[in-house]
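The block underneath contains the structure these notes are about, expressed in structure tokens.
Please treat every number below as a calculation from the coordinates, not as lab data. Since the model is a prediction, treat every value here as computed from it, not as a measurement. Cβ: placed from backbone, ideal geometry, glycine included. Neighbour counts: every protein chain shown.
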Amino acid sequence: ETGVTQSPTHLIKTRGQQVTLRCSSQSGHNTVSWYQQALGQGPQFIFQYYREEENGRGNFPPRFSGLQFPNYSSELNVNALELDDSALYLCASSTATGSSYNSPLHFGNGTRLTVT
Amino acid sequence: TQLLEQSPQFLSIQEGENLTVYCNSSSVFSSLQWYRQEPGEGPVLLVTVVTGGEVKKLKRLTFQFGDARKDSSLHITAAQPGDTGLYLCAGKTSYDKVIFGPGTSLSVIP
């Protein structure tokens with residue numbers, strides 16, 4: 001069973017640039033969630049994708065966008081980067097079922113983004 | 001907006017001591033999960049509690065879900081250096097999304 005993998009592991013960008021982060025889901029998982037985690041804080045929910053459509057979004061501006069592909073892998077795109085976007089970006093996959101309340105999130109190790 | 005609070009924010013104890021961390025909310029959650037995160041890694045699920053009043057044990061860790069399903073606690077007995085990490089509680093919302101608390105950073109000193 002392949003776990004959740006994220007790329008790249010580290011990235012340095014300049015304010016105003018655009019960035020794309022990638023995530024491969026764990027085998028058999030059909031839902032992907034993205035989180036932003038500032039240093040010393042808990043993960044903040046950005047959005048979730050199920051069957052290639054966004055089906056939930058946290059309090060993030062439209063310059064944060066995403067995609068989910070037919071193989072359930074996903075991308076997070078951030079436009080017009082700001083200094084406060086510096087954080088660890090975590091991708092988590094899970095399985096949505098009729099009784100999904102106990103479906104755990106399986107996280108990758110994240111992408112550390114630094115905006116200068 | 002459903003929010004989760006955790007206390008304490010930081011905890012530094014000696015090996016062998018006991019500790020309890022708390023997770024509270026003004027909202028009801030259909031389930032609560034506890035995760036542990038180590039530096040450079042993503043969070044890893046420890047347990048899911050679903051029923052109000054439920055108690056689950058995982059070796060030296062005891063998890064409790066409040067009767068009203070608004071709060072939870074994690075008790076660690078005889079802490080070991082390997083328990084060091086960021087402990088996160090997470091609640092599944094009515095829209096089936098998982099939101100996290102700010103975490104409790106635990107340091108167990110040998």
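Ranking of B:Leu106, B:Leu58 by neighbouring Cβ atoms within 10 Å, starting from the fewest: B:Leu58, B:Leu106. I want the local charge near A:Pro8. Using Cβ-Cβ distances under 13 Å, sum +1 for each Lys or Arg and -1 for each Asp or Glu among the other residues. It works out to a net charge of +2.
Taken residue by residue and averaged, Cβ atoms of other chains lying within 10 Å of the Cβ of A:37-47 number 5.
Shown here for region A:1-94: GluC sites (Glu not before Pro) in loop regions (DSSP other than H, G, I, E, B) with at most 16 other Cβ atoms within 10 Å, namely A:Glu1, A:Glu52, A:Glu82.
3J(HN,Hα) along region A:5-20, derived from phi through the Karplus expression 6.51 cos²θ - 1.76 cosθ + 1.60 where θ = phi - 60°, amounts to 10, 10, 9, x, 7, 9, 7, 10, 10, 9, 3, x, 6, 10, 9, 10 Hz, with x in place of Gly and Pro.
Annotation: lysines with alpha-carbon distance below 24 angstrom to B:Lys92 (same-chain offsets under eight excluded): B:Lys56, B:Lys57, B:Lys70.
For region A:42-76, the set of trypsin sites (Lys or Arg not before Pro) satisfying both a DSSP loop assignment and a count of at most 15 other C-beta atoms within 10 Å is given as A:Arg51, A:Arg63. Across region B:65-109, the volume of the C-alpha convex hull divided among the residues equals 78 Å³ per residue.
Bin by bin, in steps of 10 Å, what percent of the Cα pairs in the protein assembly as shown do you find, going until the bin that has the longest distance? Each 10 Å bin holds this share of Cα pairs: 8, 33, 35, 19, 4. Spin-label model, B:Asn24/B:Arg60: points 7 Å from Cα along the beta carbon direction are separated by 2.7 nm. Stokes-Einstein diffusion of chain B at 20 °C, 1.002 mPa s viscosity, Kirkwood radius from Cα pairs, rounded to a whole number: 154 µm²/s. Converting phi to 3J(HN,Hα) with the Karplus coefficients 6.51, -1.76 and 1.60 and the offset θ = phi - 60°, region B:44-60 yields 10, 5, 9, 7, 10, 10, 10, 9, x, x, 5, 10, 10, 10, 9, 6, 8 Hz in sequence order, with x at every glycine or proline.
For region B:11-16, backbone phi angles converted through the Karplus equation (6.51, -1.76, 1.60; θ = phi - 60°) give residue-by-residue couplings of 8, 10, 9, 8, 3, x Hz, Gly and Pro being listed as x.
Taking every C-alpha pair closer than 8 Å and separated by at least 6 residues, the mean separation divided by the residue count of chain A gives a relative contact order of 36 percent. Considering only A:Pro43, A:Cys91, A:Gln26, the residue lying farthest towards the positive end of the dipole of the protein assembly as shown is A:Gln26, judged by Cα position with unit charges set on Cβ. The base-10 log of I(q)/I(0) for region A:33-116, evaluated at q = 0.15, 0.21 Å⁻¹, reads -0.55, -1.06 [Debye formula, identical scatterers on Cα atoms, solvent excluded].
Once each of the trypsin sites (Lys or Arg not before Pro) sitting in a DSSP loop with at most 14 other beta-carbon atoms within 10 Å is removed, chain B keeps B:1-58 as its longest stretch.
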